[in-house]
Amino acid sequence: MILVTAFGVLLTSTTVIAQDDDVIITVDSTNLQFSPSDITIKEGQAVRFFWSGELLPHNAVSTDGLFDSGDPSRNVDYRFVFEIGMSGSYEFVCEPHEQLGMVGEITVQPMNETQDESEEKDPENSESSKGQSYFTSYGLGLIVLSISVLLLFRYETLKSTIFRKK
Ligand SMILES: [Cu+2]
């Protein structure tokens, strides 16, 4: 029972952490600006466009069509997750107020640099395995060569002993 409760608390707390990771973009007091308008996040993080009871209806639409909070509204709660592999820069606008400068930019950084390093290690590994197979075949050839030399040598000595007997 205690374990179940502890697990439940753990599960709840991780969910809360995931939501805490969200970056909330709202509308500032001028009613014509996103706040904050320029943000930097990491892959796997979500951006939440959130406002309620605004004076004017707004929306958030990325210029490349990746995300769209829908029709402009005084109440918006729209969450978009930037998955792994979606690093880059994304500009977004509020369609009714784009001309008034209600625009923003989301910069998504790669998850971590160590992942790239591990990917770089792969070709090295295949190269070393190629080198290994090269040495294996080279060694095998050397063994075959030494055996044939040994046989030839034995044949020669055998021949000479036969000749001596004659
Ligand atoms: Cu707007």
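Observations
- Local charge for ARG48 was computed over the other residues whose Cβ lies under 14 Å away, with Lys and Arg +1 and Asp and Glu -1, and equals -3.
- Positive minus negative residues near PRO72 (Lys, Arg vs Asp, Glu; Cβ under 12 Å): -4
- Using θ = phi - 60° in the Karplus curve 6.51 cos²θ - 1.76 cosθ + 1.60, the 3J(HN,Hα) couplings for segment 41-54 round to 10, 10, 3, x, 7, 10, 10, 10, 8, 9, 7, 8, x, 6 Hz; x is entered for Gly and Pro.
Any read-out appearing in this document is the output of simple, stated calculations on the displayed coordinates, not a laboratory observation. Note that the structure is a prediction, hence the values are computed from the model and not measured. For neighbour counting, all protein chains shown are included, and Cβ atoms are generated from backbone atoms with ideal geometry for every residue, glycine included.
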